[in-house]
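Single-structure report; data block below.
The numbers here are math on the coordinates, done by the rules we state, and not lab data. Because the structure is predicted, anything quoted here is derived from the model rather than measured. Heads up, the Cβs are rebuilt from the backbone with ideal geometry, glycines too, and the neighbour counts pull from every protein chain shown.
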Amino acid sequence: MSSPGAYVDGKLVELLVGPDDSGERLDSFLASSAELPSRSACAKLVEEGRVTINSTPATGKAERVMLGDRVQVTLPAPEPTHGPLRPNFDIPLDVRFEDDYLIVLSKQAGLVVHPSPGPLQDLIRMRVLDRRYVTLVHGFVAPDEGTITTGIARSTRDRIRMMVSDDPLARQAITTFRVLERFEADRRDEGFTLMECHLYTGRTHQIRVHMRHVGHACVGDQLYGRGHYEQNLRLARQFLHSWHVAFDHPVTGEHIVLADTLPADLREALGRIGGRSMGRTAAGDEICPQLLA
């Protein structure tokens, strides 16, 4: 690892390349330092001319560092630390794949993201991005699998909500589902069904809207759902998790397959009804062990 340097007026970081880092890409080497930001942010620092190697400006983020090289990074002036839009550089990001062209991360609940044009948006539009979610819904879903195809548009009564619509301007939304496990009802609820949903389109709130449409709202969904805190298994957010993604890399052509386990709060909610299981389906036998690994 690199040996940490010191800040000069809070703007300069100096790193010395050790034996373990010799031959490493510059952006990767920089990101390995606790004093510097993510790899993509470090690459931007290189592009902006803020990085030197032995007092010579770095030629690019892919330049290789060698044993004994002294690398200096001039950080930009700090952003404002007050006000409603102050930056937060301490958000923990669970990066699952990253290269020069794209990054895939497991986004935690509550982290807001915004769409932007690029290769991943192209994959969604061409329907070649395989996205699978797991959700727990209210009630007993009888068929083991099925397809929901509707139009989805913004609600005319509440601009925050989306709704199923047959308006000509509504956008087509296609969701297929497979039941993984069913749970018996008791005196407080109508039981639950654990499902895997496969998105063929990417409409806002698509799974949540479709589940409400078929009468099986997602557990914990405060916008489209129902029931009180206990009926929602003490969840403060919807039981919906992106667990599997697969695609062909738009530049390299490599087939990327990534899977994720259930977060702790969703595991706990599932554990509260574990004793009421009516058994898993064949799909559940395949998928549930991966979710709970």
- Query: Rounded to the nearest 0.05, what FRET efficiency is calculated for S242 and A77 with R0 set to 51 Å and r the Cβ-Cβ distance?
  - Reply: 0.90
- For segment 214-225, what does the Karplus curve 6.51 cos²θ - 1.76 cosθ + 1.60, with θ = phi - 60°, yield as ³J(HN,Hα) per residue in whole Hz, taken in order and with x for Gly and Pro? 8, x, 9, 4, 5, 4, x, 6, 7, 8, 10, x
- Item | Linear extension gain, Q172 paired with L292, 0.36 nm per residue minus alpha-carbon span | 39.9 nm
- Message: 5 Å is the cut-off here: which amide hydrogens, built 1.01 Å from N in the peptide plane, fall below it relative to I174, excluding neighbours closer than 5 in sequence?
- Response: Y200, T201
- Message: Please list log₁₀ I(q)/I(0) at q = 0.11 Å⁻¹ for the chain, using the Debye equation with identical point scatterers on the alpha-carbon positions.
- Response: -0.81
- Query: Between A142 and T201, what FRET efficiency follows from the Cβ-Cβ distance if R0 is 30 Å, with the result rounded to 0.05?
  - Reply: 0.75
- Using the number of other C-beta atoms within 10 angstrom as an exposure proxy, rank M163, M211 with the fewest first. M163, M211
- Task: Work out how much length L258 to R187 would gain on full extension: take 0.36 nm times their residue separation and subtract the Cα-Cα distance, in nm to one decimal.
- Result: 21.6 nm
- Query: How do T281, T175 rank when sorted from fewest to most other Cβ atoms within 10 Å of their own Cβ?
  - Reply: T281, T175
- For Q108 and A62, FRET efficiency with R0 = 35 Å and r from the beta-carbon atoms, rounded to 0.05? 0.70
- Starting from the amide H of I256, placed 1.01 Å from N in the peptide plane, find each other amide H under 5 Å away whose residue is 5 or more places distant or on another chain. F247, D248, H249
- Fluctuation leader among L120, L136, L67 - the chain, Gaussian network, Cα springs under 10 angstrom: L67
- Message: For W243, what residues show an amide H to amide H distance below 5 Å, using hydrogens built from the backbone and excluding near sequence neighbours?
- Response: R132, Y133, V134
